[in-house]
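Novice: Sharing a structure, written as structure tokens. Questions coming.
Read-outs throughout are calculated quantities, based only on the coordinates presented, and are distinct from any laboratory measurement. All figures in this text were calculated on a predicted structure; none of them were measured in a lab. Cβ coordinates were reconstructed from backbone atoms using ideal geometry, including for glycine residues, and neighbour counts include every protein chain displayed.
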Amino acid sequence: MSDLPLGDGTVSEIQIVDAYHERTKNYVHRLAAGPGHIDFDTQPDLFRHYADAPIIRLPLPIEGFELPYWRLYISEDREPREINKDNISLFFRYALSLTAWKTIQETTFPLRVNPSSGNLHPTEGYALVPPIEGIHDMPGIYHYLPKEHALEHRSRISPSLWADLMKPFPEKSFLAGLTSIFWRQSWKYGERSFRFCQEDIGHALGTLRYAAAALGWKLYLLPGVDDAQISRILGLDRDQDYVGAEREAPTVLVLITKYSWENPAGLKLPDEAVSEISNGRWEGKANVLSSAHNFSWPAIDEVANATIGKGLTIHEEFAHFPSEEELFGVPVRSGSFSAEKVILGRRSAHKMDRKTAIDGATFFRMMARLVPSRGPRQVPWDAVPWKPRIHLGLFLHRVDGLPRGLYVLVRDPAKITTLQKSMRKSFKWANPSGCPSGLSLFLLKEGDYQSLSIKVSCNQNLAGDGAFSVSMFSEYLESLSNYGASFYRNLFWEAGLVGQVLYLESEEAGIGSSGIGAHLDESVHEIFGFTSRKWQSIYNFTVGGPVEDIRLTTLPAYQR
């Protein structure tokens, strides 16, 4: 604990966070505490719904929206679509909907646009929208139902109250919220589940941003809106609506708008408007997800309480980041697939073929997508106001034109010297041949690291059987010192965003990928030479040639 910041009034919360982070690390000799077995009798329902709340069915979008994938990143020459029922439907289709059903023997399970550790999906989605023909003639608050592709009407808002609530924002805007049900993850994964839930939020934040981009809309995370306000305007604090049911933790609120907007640091919603919404008429009672909870994890409750968002004032400059031309060499203006095919086709690979390679140009493009560009920042990094706190340690196995070995991608060029001083002194720090000038990518050490990458991913072979794998590490203590204990969640959100970009870039490249939540934290530190606790391992990922499981039958997500 000697590295922890002192004297800023938040040390107790930071100590709770740090104690949780330490106790939930995986080691070769000891994994983080979990239930030890899977109790299928108490498996949580994958779908939250509010009994007796009116349901508004959304029209299932006609397949074949032919926007090229690469144009998700280029919106200046496109007219944003209107905020109407059809486009709200398309937004949720690309953000949080089902993509398929899979069957094996007697078991059927759904896949979704937004990935989740173990396909358990603790993330719930909400929207606060203006009057929309075919939805309601008044503004309202809705919960999204992915199974039905529908909205549950939780509460209506008067036009005057809506005007007060949305006064800080541009016209033609709406709000979307994400929440977490920790039990959905901890039922299977135990104490480490809080980490997984935050990674899932990051992935979902990414799917929201890409869905908005497909429609020509902007999306802005609102870090100044505290958890208490989110809870009140989404109805999460209503004890009477959750009798016997698992509660949802407020997590993020985003603005979605047709127009560019200068996101004021520390912006809060008008308290009077939030209070009036909270005290309005609400409909529906939350369903109970599990018949019993045979395990409890006090450590999750402790870290959740310590990281409650109190509203952050974040204003950081990106002038020193590379331009699009510097990141890509030649800006990307072509591709293989439509945005729809990439977004709805995303899958988590469970096995890699140990032979598929990718070319160097594809690898460099993937890495460039992970770095914010200056003026304007590229999707999805324009959604978050903080500079990158997540950097990538890379195990390259099969990238044509590049030597096998350990690499590092420094996502904030101002951190190169800091990382050089923090990592193993014998590393080469050489730019690989053909690397664009704005990409801070370095070869550290040549060699075959397939076995080692498998080992640090808790012996999951797909980490070594792909083209490359990733260990994400965070600027841990500095981030907590600068922004407080609640920023612990933001580190995992950012890691999830990185993972979501890699998922989509892999689909565009015609290969597969998968997040790896279970990894050996300290083994990652040892490989890359970290001796200070200022840097901490967060999330692993792998990209390569997927092996299809022929035992599974695929069914469509929705019947027309």
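Novice: So what is the relative contact order of the chain, in percent, for Cα pairs below 8 Å that sit 6 or more residues apart?
Specialist: The normalised contact order for the chain reaches 19 percent.
Novice: Where in the stretch 93-143 are there GluC sites (Glu not before Pro) that are in a DSSP coil and have at most 12 other Cβ atoms within 10 angstrom of their Cβ?
Specialist: 106, 133
Novice: Can you give the calculated 222 nm mean residue ellipticity of the chain, where each DSSP H run of n ≥ 4 adds -39,500 (n - 2.57) and the sum is split over every residue, rounded to the nearest 500 deg cm²/dmol?
Specialist: -8500 deg cm²/dmol
Novice: Between residue 424 and residue 46, what is the label-to-label distance in nm when each label sits 7 Å out along the Cα-to-Cβ direction?
Specialist: 4.1 nm
Novice: OK, next. Among all lysine pairs in the stretch 318-543 that are eight or more places apart or on different chains, how many have alpha carbons less than 14 angstrom apart?
Specialist: 5
Novice: Pulled fully out, how much extra length does the chain show between residue 354 and residue 275, if you take 0.36 nm times their separation in residues and subtract their Cα-Cα distance?
Specialist: Difference between extended and current length: 22.8 nm.
Novice: Among 331, 307, 292, which residue has its Cα positioned farthest towards the positive end of the charge dipole of the stretch 290-349, with +1 placed on the Cβ of Lys and Arg, -1 on the Cβ of Asp and Glu, and the dipole taken about the Cα centre?
Specialist: 292
Novice: For the residue pair residue 107 and residue 78, what label-to-label distance in nm results when each label sits 7 Å from Cα along the Cα-to-beta-carbon direction?
Specialist: 3.7 nm
Novice: Here is a follow-up. Please list, ordered by chain and number, the residues whose modelled amide H lies under 5 Å from the amide H of residue 252; skip anything fewer than 5 residues away on the same chain.
Specialist: Counting only residues 5 or more places away or on other chains, the set is 178.
Novice: About its Cα centre, what dipole magnitude does the stretch 303-427 give when the only charges are +1 on Lys and Arg Cβ and -1 on Asp and Glu Cβ, stated in debye to the nearest 20?
Specialist: In total the dipole reaches around 620 debye.
Novice: Work out the length of the dipole vector of the chain about its Cα centre, built from +1 on the beta-carbon of each Lys and Arg and -1 on the beta-carbon of each Asp and Glu, and round it to the nearest 20 debye.
Specialist: It comes to approximately 1140 debye.
Novice: Could you please rank 478, 508, 76, placing first whichever residue has the fewest other Cβ atoms within 10 Å of its Cβ?
Specialist: Ranked by crowding around the Cβ, least crowded first: 76, 478, 508.
Novice: Give the residue from 96, 110, 128 lying farthest towards the positive end of the charge dipole for the stretch 72-179; charges sit on Cβ (+1 for Lys and Arg, -1 for Asp and Glu) and the dipole is referred to the Cα centre.
Specialist: Going by the charge dipole, the pick is 110.
Novice: I've got another one for you. Taking the Cβ of each residue in 366, 472 as the centre, tally the other Cβ atoms inside 10 Å and list the residues starting with the fewest.
Specialist: Fewest-to-most Cβ neighbours within 10 Å comes out as 366, 472.
Novice: Using a basic spin-label model with each label point 7 Å from the Cα along Cα→Cβ, how many nm lie between residue 240 and residue 361?
Specialist: Here the answer is 6.4 nm between the modelled labels.
Novice: Using the C-alpha atoms of the stretch 10-121, what convex hull volume per residue, in cubic angstrom, is computed?
Specialist: 298 Å³
Novice: Okay, next question. Among DSSP bridges having both ends in the chain, what percentage is antiparallel? Round to the nearest 5.
Specialist: Taking every DSSP beta bridge within the chain, about 95 percent pair in antiparallel fashion.
Novice: If you take percent of Cα pairs over 44 Å apart from the coordinates, which of (1) 27; (2) 11; (3) 23 do you get?
Specialist: Label (2) holds the value from this structure.
Novice: OK, next. As I understand it, the dipole of the stretch 83-306 uses +1 on the Cβ of Lys and Arg and -1 on the Cβ of Asp and Glu, about the Cα centre. Which of 149, 261, 279 lies farthest toward its positive end?
Specialist: It is 149, whose Cα lies furthest towards the positive end.
Novice: Please give the charge dipole size of the stretch 458-508, origin at the Cα centre, charges +1 on K and R Cβ atoms and -1 on D and E Cβ atoms. Round to the nearest 20 debye.
Specialist: 240 debye
Novice: Give me the number: length gained by fully extending residue 55 to residue 268, i.e. 0.36 nm times residue separation minus the C-alpha to C-alpha distance, one decimal in nm.
Specialist: 73.7 nm
Novice: Figure the gain on full extension for residue 533 and residue 62 (residue separation times 0.36 nm, minus the Cα-Cα span) and round it to one decimal in nm.
Specialist: 164.5 nm
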